[in-house]
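Here the structure is laid out as structure tokens; the discussion comes afterwards.
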Amino acid sequence: MRIRTPLIGLAAASLLLAGCSGNAGDSSTQSGSAAGGFPLTITNCGHELHFDKAPERTVSLNQSSTEIQLSLGVADTMVGTATWTDPVLSSLEAENDEVPRLADNNASFETVLAASPDFVSASFPNTLDDTGSGSYASYANLGVPAYLAPNQCEKGDSGDGDSERSEVLAMDDIYQEIDDLAAIHGVPDKGNELVDSLRGRLDAAVSGANVDGGEVSAAFWFANSESPYVAGGTGASQMISNDLEVTNVYSDDAKEWPQVSWEDLAAKNPDVLVLGDLTRKSQTAETAQAKIDYLRSNPVTAQMGAVRNDRFIIVAGGDMNPSIRTVDLAEKIGAGLKQYGLR
């Protein structure tokens, strides 16, 4: 059933959003001198978002955006989350238990509206799209600011979550998202604390070099056994590969998640395989164990060195996407390389 527009009116009466002609990659914050940094204007992916006060009813449409906001201590203002690939970070379990889950995958636009949000955040353009949970324009028509992770701005409003990037993701893009969301919620100090913590952990995770300076190669398998989605050369996995001096065997592909053939992957024969351990039920071979079972049973992959020598590094699915979990990815890969004597 379609929810009528007045459902949103009261919750969002003080918030305005309008299109802006700025560059799609812009994500800048301008705050007034009032208490708490409000009124606040943020330019996000070419859209101007204006806040007279902090949101009181936030719906976060993706797990990574949810975990940032839970980390900022604003769970009491969150009225819904959606699109999960993994269990919530253990440090955030108590906070997350208080937030309704609207859907495990994309929540419909009507479902989001039923929560009467006055702010909506997303991590990927194919979520903030009319084919997902509603577009910028759909929310703007109701006076609800919609925010997209700045690391996705280059992809625009196409809804294509697997389009090419012109540059490799940088951690500063993730830090910008934290700073923006902290400002929107009126907790900039919490944002600074979170960024400082992530910087320190990342520096520790990538310190040191590979054994004898030798080249170590890796492939990152996210999901799908028929035609695997692997990390290309522009996303979070590539960024961490660069930091750890590891060669991603698909670094020459500008897509974040290209689909490849098993024959091609086997021919590249990486030293280690980084496997996403997902709990969702969207693709084939979601869990790490399902991936390992497939690799051992497929005659094309069974003879790969990483498979024969059990050189698997298991990470959460969310670790492989741009988020606060990107630091977890660095820590887990670093530990795995040390375990196999490769670092």
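Per the conditions (1) open to solvent by 50 Å² or more (accessible area, probe 1.4 Å); (2) closer than 21 Å to residue 202 by Cα, the sole criterion not satisfied by residue 235 is (1). Among the candidates 166, 138, 108, the residue that is modelled with pLDDT under 95 and more than 17 Å from the chain's Cα centre (by Cα) is uniquely 166. Residues in the range 270-306 that are within 28 Å of the chain's Cα centre (by Cα) and not charged (D, E, K, R): 20 in all. Would you confirm whether or not the range 110-128 contains a residue that is of a type in the set (D, E, K, R), touching a residue at least 12 places away in the same chain (Cβ under 8 Å), open to solvent by 10 Å² or more (accessible area, probe 1.4 Å) and closer than 30 Å to residue 258 by Cβ? No; the residues of the range 110-128 include none that is of a type in the set (D, E, K, R), touching a residue at least 12 places away in the same chain (Cβ under 8 Å), open to solvent by 10 Å² or more (accessible area, probe 1.4 Å) and closer than 30 Å to residue 258 by Cβ.
On inspection, residue 12 qualifies as open to solvent by less than 30 Å² (accessible area, probe 1.4 Å), modelled with pLDDT under 95 and more than 24 Å from the chain's Cα centre (by Cα). Scanning the range 83-100 for residues that are open to solvent by 30 Å² or more (accessible area, probe 1.4 Å) and touching a residue at least 60 places away in the same chain (Cβ under 8 Å) gives 87, 89. I'd like the full set of residues that are charged (D, E, K, R) and open to solvent by 50 Å² or more (accessible area, probe 1.4 Å), limited to the range 308-343. If the condition is that a residue be charged (D, E, K, R) and open to solvent by 50 Å² or more (accessible area, probe 1.4 Å), then 308, 310, 311, 331, 332, 338 are the ones that fit. Out of curiosity, is residue 175 farther than 30 Å from residue 39 by Cα and either surrounded by fewer than 18 Cβ atoms within 10 Å (Cβ to Cβ) or not aliphatic (A, V, I, L, M) (or both)? Here the answer is no, as residue 175 does not meet what is asked.
One line per residue, one yes/no per condition, for (1) of a type in the set (Phe, Trp, Tyr); (2) surrounded by 24 or more Cβ atoms within 10 Å (Cβ to Cβ); (3) assigned to a strand (DSSP E or B); (4) modelled with pLDDT of 95 or more:
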{"position": "28", "(1), (2), (3), (4)": "no, no, yes, no"}
{"position": "69", "(1), (2), (3), (4)": "no, yes, no, yes"}
{"position": "73", "(1), (2), (3), (4)": "no, no, no, yes"}
{"position": "76", "(1), (2), (3), (4)": "no, no, no, yes"}
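Taking the range 310-343, which residues are within 13 Å of the chain's Cα centre (by Cα) and of a type outside the set (Ser, Thr, Tyr)? Answer for the range 310-343, where residues must be within 13 Å of the chain's Cα centre (by Cα) and of a type outside the set (Ser, Thr, Tyr): 316, 317, 318, 319, 320, 321, 322, 324, 325, 327, 328, 329. Across the range 248-273, the qualifying residues are those that are open to solvent by 50 Å² or more (accessible area, probe 1.4 Å) and in contact with a helix residue (DSSP H, G or I) (Cβ under 8 Å, 6 or more places away or on another chain), and the one among them that is nearest to residue 155 (Cα to Cα) is 251.
Here residue 336 passes the criteria (1) in contact with a helix residue (DSSP H, G or I) (Cβ under 9 Å, 6 or more places away or on another chain); (2) assigned to a helix (DSSP H, G or I); (3) of a type in the set (Gly, Ala, Ser); (4) farther than 28 Å from residue 72 by Cβ except the one numbered (1). Any chance the range 209-220 includes a residue that's outside any helix (DSSP H, G or I), modelled with pLDDT of 95 or more, of a type in the set (Phe, Trp, Tyr) and under 16 Å from the mean Cα position of the chain (by Cα)? Taking every residue of the range 209-220 in turn, at least one turns out to be outside any helix (DSSP H, G or I), modelled with pLDDT of 95 or more, of a type in the set (Phe, Trp, Tyr) and under 16 Å from the mean Cα position of the chain (by Cα). Taking first residues from the range 48-63 that are more than 27 Å from residue 279 (Cβ to Cβ) and of a type in the set (D, E, K, R) and partners that are modelled with pLDDT under 95 and surrounded by fewer than 24 Cβ atoms within 10 Å (Cβ to Cβ), the Cβ contacts under 6 Å between residues at least 6 apart in sequence or on separate chains come to 48/18; 48/20; 52/14; 57/11. When the range 270-312 is filtered for residues that are assigned to a loop (DSSP other than H, G, I, E, B) and more than 23 Å from residue 106 (Cα to Cα), the ones remaining, listed by number, are 270, 271, 298, 299, 300, 301, 302, 303, 304, 309, 310, 311.
Scanning the range 209-219 finds one or more residues that are under 21 Å from residue 164 (Cα atoms) and either in contact with a helix residue (DSSP H, G or I) (Cβ under 7 Å, 6 or more places away or on another chain) or surrounded by 24 or more Cβ atoms within 10 Å (Cβ to Cβ) (or both).
Of all residues in the range 129-139 being assigned to a loop (DSSP other than H, G, I, E, B) and open to solvent by less than 10 Å² (accessible area, probe 1.4 Å), which is farthest from residue 104 (Cα to Cα)? Only one residue tops the list, namely 134.
The values are calculated or read from the model by the stated rules, or taken from the named source; none is laboratory data. This structure is a prediction, so every number in the text was calculated from the model and none was measured. Because the Cβ atoms are built from the backbone with ideal geometry, glycine has one as well, and the counts that use them run over all protein chains shown. To get the accessible areas, we keep the full protein, side chains included, count just its heavy atoms, and leave off ligands, DNA and RNA. Shrake-Rupley method; radii C 1.70, N 1.55, O 1.52, S 1.80 Å.
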